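Note sheet for the following structure.
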Amino acid sequence: MKIGILGSGALGSAVGGSLALAGNDVELWDINEAHIKAVNDNGLKFDAFDGDHVIPLFACRPEEGHAQDLIILMTKTCDSDAALKSARSHIEAGAMVMSAQNGLGNEVRLAAHVPQEQLLYGCTMMPARFLDYGHVASQAVGRIVFGAKNEVALQKAAQFAQTSAHFTLEFAPDRADTVIWQKAAFNCGMNAVNALTGGRVKSMADSQDARDLVQAVASEVVAVARAGGVKAEYQPVFDHLANSMAKHGEHKASMLQDIEGRRPTEIDSLCAEVARQGEDLGVPTPLNKTLATLVTLKSDVLNGDYL
Ligand SMILES: NC(=O)C1=CN([C@@H]2O[C@H](COP(=O)(O)OP(=O)(O)OC[C@H]3O[C@@H](n4cnc5c(N)ncnc54)[C@H](OP(=O)(O)O)[C@@H]3O)[C@@H](O)[C@H]2O)C=CC1
Ligand SMILES: CC(C)(CO)C(=O)C(=O)O
């Protein structure tokens, strides 16, 4: 299958590398010229769960890419619009487009650029790090769970499901919203707290208070999801939090990577979006509102003239 990764940073390159190892014909699309050059000159260096790989891949800006069956959107959510605009010719040529980002509302952002018949949405389970231009790492086997809402898109989507030793694309339209909200519940607690403290995932493992806090944040998100009609459950999120602390403790949550890189964070599509939807649905979300304010303030302080 021909797959273009739109936004090939830490996770996009790890997903692209994994899908290439699984036998797909993958192109990495990005705007980072140094990363594009490094991949084209030396191949993608991918430190994976089964060893270090060098994968010969073609990388380019989205406008310069070749025709694809599937485009997987892997930018930060704040860059979705710009990225999708630059992939317009591929979308007009009929490629299916899947958001596999963190956060809420990705299918709405996609719908502004992609016809419903071509629109897939889901999220990714895979911690990834950007080590250097052309070089990423992930010690886990990745998985995207995805679905679609439109009948035509649902029919086309099934062909993209695949399972290999390196990556799973799981077509689960009945569960896609549940998985996305449960992942958002995880990220609202884990990513926002890590971004504020500067600590890795494991930093919360030994503190009962910290674990109680991220569970309470996640509980607000699950309550909003349920009030909005999504069948989200509390326990899988609590299990995911505990598993991450135990198994991926060294990982720096993507929001912390953004704070350290002085880049915009995804707080608006996580805690802030939960607070907005909670207000509309009459579900209290004081913790998410507070985290949204603090992470936004932290970004402003770091990037403005306040230090
Ligand atoms: N990293 C992780 O472990 C995980 C991340 N996620 C989610 O995956 C998504 C991507 O995260 P991550 O890989 O960490 O982010 P990165 O910032 O590492 O990668 C995003 C990439 O997109 C590029 N980009 C920005 N604007 C455009 C554009 N207009 N067109 C094409 N490319 C563009 C960026 O280039 P430049 O650097 O020049 O801006 C960068 O290379 C997020 O939603 C995140 O929450 C989910 C699970 C785990
Ligand atoms: C913490 C992690 C890796 C969980 O999959 C994540 O979603 C992120 O870094 O944004």
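Derivation of every value follows stated rules applied to the coordinates shown; laboratory data play no part. Here the structure is a predicted model, which means the values were calculated and not measured. Every residue, glycine among them, receives a Cβ derived from its backbone with ideal geometry; neighbour counts consider all protein chains shown.
Tell me the net charge near Glu63. Cut-off is 14 Å between Cβ atoms, Glu63 excluded, with +1 for each Lys or Arg and -1 for each Asp or Glu.
Computed value for this residue: -2.
Based on the Cβ-Cβ distance of Tyr306 and Leu213, what FRET efficiency does E = 1/(1 + (r/R0)^6) give at R0 = 25 Å, to the nearest 0.05?
Given R0 = 25 Å and the Cβ-Cβ separation, E is 0.45.
With charges set only on the Cβ (+1 for Lys and Arg, -1 for Asp and Glu), what does the dipole of the range 177-302 come to about its Cα centre, in debye to the nearest 20?
Approximately 240 debye in magnitude.
Measure off 7 Å from each Cα along the Cα-to-Cβ vector at Glu33 and Lys149, then give the distance between these two points in nanometres to one decimal.
4.0 nm
Give me, ordered by chain and number, the residues 5 or more places off Cys123 or on other chains with an amide H under 5 Å from its own placed amide H.
For Cys123, whose amide H was placed from the backbone, the distant partners under 5 Å are Val145.
Pairs to check: Lys149/Lys252; Lys149/Lys298; Lys76/Lys156; Lys202/Lys289; Lys156/Lys231. Give those whose C-alpha atoms are more than 28 Å from each other in this structure.
Correct reply: Lys149/Lys252; Lys149/Lys298.
Once both labels are modelled 7 Å past Cα along the beta-carbon direction, what's the Glu250-Ala112 spacing in nm?
Result: 3.9 nm between the two label points.
Rank the residues Arg262, Arg61, Arg276 as a footprinting-exposure proxy: fewest other Cβ atoms within 10 Å of their Cβ go first.
Fewest-to-most Cβ neighbours within 10 Å comes out as Arg262, Arg61, Arg276.
Order the peptides 32-39, 288-295 from the highest to the lowest mean number of other Cβ atoms within 10 Å of their residues.
Top to bottom by mean Cβ count within 10 Å: 288-295, 32-39.
Return the long-range amide H neighbours of Val26 (sequence gap of 5 or more, or a different chain), with a cut-off of under 5 Å between placed amide H atoms.
Those lying under 5 Å, H to H, from Val26 are Ile3.
By its C-alpha gyration tensor, with a ≥ b ≥ c as the square roots of the eigenvalues, how is the range 177-302 shaped: rounded for a/c under 1.5, else prolate for a/b larger than b/c, else oblate?
It comes out oblate by the Cα gyration axes.
Treating the beta-carbon of each Lys and Arg as +1 and of each Asp and Glu as -1, no other charges, what is the dipole magnitude of the range 2-70 about its Cα centre, to the nearest 20 debye?
20 debye
Sort 95-106, 246-257 by packing, meaning the average of other beta carbons within 10 Å per residue, with the highest value first.
Put in order of decreasing packing, that is 95-106, 246-257.
Percent relative contact order of the chain, based on C-alpha pairs within less than 8 angstrom and at least six residues apart?
15 percent
Taking the highest mean first, how do the peptides 210-218, 185-193, 66-74 order by number of other beta carbon atoms within 10 angstrom per residue?
Ranked by mean Cβ neighbours within 10 Å, highest first: 185-193, 66-74, 210-218.
Between 0 and 90 degrees, rounded to the nearest ten: what's the tilt of helix 286-303 against the longest Cα principal axis of the chain?
60 degrees
For a paramagnetic label modelled at 7 Å from the Cα of Ala227 toward its Cβ, which residues of the range 276-306 fall within the zone defined by backbone nitrogen distances under 17 Å?
What the label zone holds, given the 17 Å backbone N cut-off, is 276-292.
Would you mind working out the magnitude of the charge dipole of the range 19-168 relative to its Cα centre, with +1 at each Lys and Arg C-beta and -1 at each Asp and Glu C-beta, to the nearest 20 Debye?
360 debye
For Leu57, enumerate residues with amide H under 5 Å from its amide H, sequence gap 5+ or separate chain, H modeled in the peptide plane.
Hits under the 5 Å cutoff: Gly43, Leu44.
Under a point spin-label approximation (7 Å from Cα along Cα-to-Cβ), what is the Lys2-Arg175 distance to one decimal in nm?
The answer from the label model is 3.2 nm.
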